[in-house]
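**Student:** Dropping a structure here in structure tokens format, bear with me for questions.
Values in this text are rule-based calculations from the coordinates and carry no lab data. Keep in mind that this is a model prediction, so the values were computed, not measured. Glycine also receives a Cβ, built like all others from the backbone with ideal geometry; neighbour counts cover every protein chain displayed.
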Amino acid sequence: MPLFGTAPGFWWREPGLLSRALTLPSLAYGAVSRRNLERGPRVRVPLPVVCVGNLTVGGGGKTPTALALGRAALAIGRRPGFLSRGHGGQARAALLVDSARHDADLVGDEPLLLAGLAPTVVAKDRAAGAALLNQAGCDLIVMDDGFQSARLRFDLALLVVDARRGLGNGALLPAGPLRAPLDTQLAHADALLVVGEGPRGDALGRRLAESGLPVHRARLAAPNAAEFQGRRCLAFAGIADPGKFFASLRNAGAEIVVARSFPDHHTLSESEARELLSEADSLGLDLVTTAKDRARFGRSEGGPMRGLNRLARVLEVELEWAEPGAAEALLSKALERFERG
């Protein structure tokens, strides 16, 4: 999560005065993150673990990738479970998410999305969370994030990076978006996934391929895109990269008349919800948001949040691999390593 609340714009430009002014804090941060990755006391758990992480802070497509691996695991007859820290949630102890009883305030927004596919546990203590998934009958753990914290021993680490943003200015937090020194992250990864298309993504893929690691490609597709063709919209999102959502909505054929961005994991206040409803109504626009934002609306029985629950449409996104069978091959490698001990 960005130290600034939202990722500052200078992270995604060529290094300048602001990034250079933060060189010393970045060096200190880099030393700590390198030590965590190289010497962190990783706990071994009784289930195979696939870790899905980001090279940079937020917006890489980590949760859609975890869901795609979960679907692939189900397709080959496994019983996957998701393990998440539950960022933004207030749960203290390891908790098996129940979408009928729990809300984003307790478990975070991303775990609610994951729980729609397979058993999901939120836990700051990753080992305790893994034990809970084991008790729930899972035979494979897909860990959403947790690569840099080095708490669990994983059998395969897949690092995801967005082709549109890339590595930004290439600097470490807080001078840039990198979560640990790039060489250290690559040394502890097993494969890389570049999500998106375009010249910048191609250059990024070539750069990462120099590490010798397998580099996979994928894109985020909208299975319900046809619903938005020709619609005039007020689009709003509180995610790490709202621009990606707005671009996907335009690609679906929608006209975005008004775009509203909020910080990642932001829970709308009643006044913010009321303003969105009022503006959309006055301009005759459809309200459109992301599944992650929708998960934070809760189950309000009245007031403006109920209005958003009723009126806001969701542009769904799913990760599509460029190579057929790539997800299954990654899972097979993880299972083989686990069996070898």
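**Student:** Kindly state, to the nearest 0.05, the FRET efficiency for residue 250 paired with residue 274, given R0 = 30 Å and r defined as their beta-carbon distance.
**Tutor:** Given R0 = 30 Å and the Cβ-Cβ separation, E is 0.70.
**Student:** Distance from the Cα centre of the range 221-238 to that of the range 22-85, in angstrom?
**Tutor:** For the range 221-238 versus the range 22-85, the Cα centre distance is 30 Å.
**Student:** Restricting to the chain, compute how many DSSP beta bridges are antiparallel as a %, nearest 5.
**Tutor:** Once the DSSP bridges in the chain are tallied, antiparallel ones form about 15 percent.
**Student:** Sticking with this structure for a sec: Quote to one decimal, in nm, the extra length available between residue 28 and residue 202 on full extension: 0.36 nm per residue of separation minus the C-alpha distance between them.
**Tutor:** In short, 59.5 nm is gained.
**Student:** I've got another one for you. Tell me the relative contact order for the chain as a rounded percent, counting alpha carbon contacts under 8 Å between residues six or more apart.
**Tutor:** Relative contact order for the chain comes out at 21 percent.
**Student:** Once you put a point 7 Å from the Cα of residue 38 and another 7 Å from the Cα of residue 328, both along the Cβ direction, what distance in nm separates them?
**Tutor:** With each label placed 7 Å out from Cα toward Cβ, I get 4.0 nm.
**Student:** Hey, quick one: spin label on residue 226, modelled 7 Å out along Cα-Cβ, who in the range 305-325 has an amide N within reach, i.e. under 20 Å?
**Tutor:** Label zone hits: 313-320.
**Student:** Rg and Dmax of the range 25-159, Cα atoms, in Å?
**Tutor:** Considering the range 25-159 through its Cα atoms, Rg and Dmax are 14.4, 47 Å.
**Student:** Now a separate question. Kyte-Doolittle cut-off -0.5, length cut-off 18 Å along the helix's own axis using Cα: show which whole DSSP H helices in the chain pass.
**Tutor:** The qualifying helices are 23-39, 62-75, 326-340.
**Student:** Report Rg (one decimal) and Dmax (nearest whole number) for the chain, counting Cα atoms only, units Å.
**Tutor:** Spelled out, the Cα radius of gyration and Dmax of the chain are 19.8, 63 Å.
**Student:** Determine the gain in length on full extension of the stretch residue 281-residue 306; use 0.36 nm per residue of separation and subtract their C-alpha separation, reporting nm with one decimal.
**Tutor:** 7.5 nm
**Student:** Over 25 Å between Cα atoms, which of 124/244; 62/124; 292/333; 244/333 qualify?
**Tutor:** 124/244; 292/333; 244/333
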